[in-house]
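Here the structure comes first, spelled out in structure tokens, and everything after it is commentary.
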Amino acid sequence: MDNNNIDFKDLWKKQTVSQPNIEDLMARLRQFKKSAVRGLWVTNILLSITSVFIIFIWCYFQPQFISTKIGIVLAILSMAFYLFFYNKLMNKYKNIDTDQTNHEYLQQLIEIKKKQNFMQSTVLSWYFVLLMVGICLYMYEYASRMTVLYALIAYGVTLLWIGFNWFYIRPKQVKKHQEKINSLIAKFEEINNQLEL
């Protein structure tokens, strides 16, 4: 008998005691999918609006230094780079279907976890580096018109904000996403193990 093609929902429906747990797990899975897709849309919209705003600033204020223009291009490239990889997760979330077997759910979640780990390590690191360099280059033209003290304050506040995001906000978000998916994977593995007995 092939355990990978077992329809666990039918088996669990026959067990009246355990049925609410399966329904709860399926509700959690649907909520996870809905939340992830909504997060993808919000990120796309916010980064697109930010890019349009940056382009508007470039056109309206007509920066003179080449460093400012390079900074703007790097900032926009960092957002496009991040969105390119982030949007690849959309298909993974859409592939989670309510008619799948337990094994298929588990494989989908493991694949999403791998993609999320890549996003949260490699892609996010490059995003922050490109964005930080872009912002620093962009600020140079305006900081060069300030006194040294004000320029140091401007760069200091900007770098502190980036550091705060990198060292405090990013790890909390990564941990939150990992806890959600790890919890779902653990539940599906538990059900898979019970079905194999």
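Work out the P(r) tail for region 34-112: percent of alpha carbon pairs separated by more than 17 Å, whole number. Don't skip to the answer; put the middle values down first.
Values: 1771 of 3081 pairs.
Counting pairs separated by more than 17 Å, the tail of P(r) holds 57 percent.
As a test of reading the structure, rank Arg170, Arg30 by solvent-accessible area (1.4 Å probe, protein chains only), most first. Please report the intermediate quantities before stating the final value.
Details: Arg170 55, Arg30 120 Å².
Greatest to least solvent exposure: Arg30, Arg170.
Would you work out the Kirkwood radius for the chain? I mean one over the mean of 1/r across all pairs of different Cα atoms, in Å. Please report the intermediate quantities before stating the final value.
Working: mean 1/r = 0.0505 Å⁻¹.
One decimal place: 19.8 Å for the Kirkwood radius.
Would you please state which residues of region 119-140 a label at Lys175 would reach in this model, taking the label point 7 Å out along Cα→Cβ and a backbone N cut-off of under 20 Å?
In region 119-140, the label zone of Lys175 (backbone N under 20 Å from the point 7 Å along Cα→Cβ) covers 119-122, 124-125.
Based on the Cβ-Cβ distance of Ala186 and Phe53, what FRET efficiency does E = 1/(1 + (r/R0)^6) give at R0 = 35 Å, to the nearest 0.05?
Values: r = 42 Å, r/R0 = 1.19.
Efficiency at R0 = 35 Å is approximately 0.25.
With a 1.4 Å probe and all protein chains kept in place, how much accessible area does Phe164 have, in Å² rounded to the nearest 10?
Ignoring ligands and nucleic acids, Phe164 comes out at about 90 Å².
Would you mind telling me the share, in percent, of accessible area of the chain contributed by carbon and sulfur at probe 1.4 angstrom? Write down the numbers at each step before the final one.
Details: 7920 of 12360 Å².
Summing carbon and sulfur atoms, their accessible area is 64 percent of the total for the chain.
With all protein chains present, calculate the accessible area of Glu179 using a 1.4 Å probe and round the result to the nearest 10 Å².
100
Could you work out the mean projected area of the convex hull around the alpha carbons of region 47-90, in square nanometres to one decimal? Can you show the working numbers first?
Details: hull surface 11.8 nm².
Approximately 2.9 nm², given one-decimal rounding.
Which entries in Lys33/Lys94; Lys92/Lys115; Lys33/Lys176; Lys92/Lys172; Lys92/Lys180 show an alpha-carbon gap greater than 19 Å?
Values: Lys33/Lys94 8 Å; Lys92/Lys115 9 Å; Lys33/Lys176 15 Å; Lys92/Lys172 23 Å; Lys92/Lys180 16 Å.
In this structure, Lys92/Lys172 lie more than 19 Å apart at Cα.
At 1.567 mPa s and 4 °C, plugging the Kirkwood radius over alpha-carbon pairs of region 87-195 into Stokes-Einstein gives what diffusion coefficient in µm²/s? List each step's numbers first, then the result.
Details: Rh = 17.0 Å.
Estimated diffusion coefficient is 76 µm²/s.
For the chain, what are the DSSP H helices with axial Cα length of 18 Å or more and mean Kyte-Doolittle hydropathy of at least 0.0? Don't skip to the end; give the middle numbers.
Details: long enough: 19-61 (62 Å, 0.62); 66-86 (30 Å, 1.82); 102-118 (24 Å, -1.25); 124-143 (28 Å, 1.41); 148-164 (23 Å, 2.00); 170-196 (38 Å, -1.29).
Counting only whole DSSP H runs, the qualifying helices are 19-61, 66-86, 124-143, 148-164.
The values are calculated or read from the model by the stated rules, or taken from the named source; none is laboratory data. Because the structure is a prediction, the values reported are computed rather than measured. Cβ: placed from backbone, ideal geometry, glycine included. Neighbour counts: every protein chain shown. What goes into the accessible areas is simple: the full protein's heavy atoms, side chains included, and nothing from ligands, DNA or RNA. Shrake-Rupley method; radii C 1.70, N 1.55, O 1.52, S 1.80 Å.
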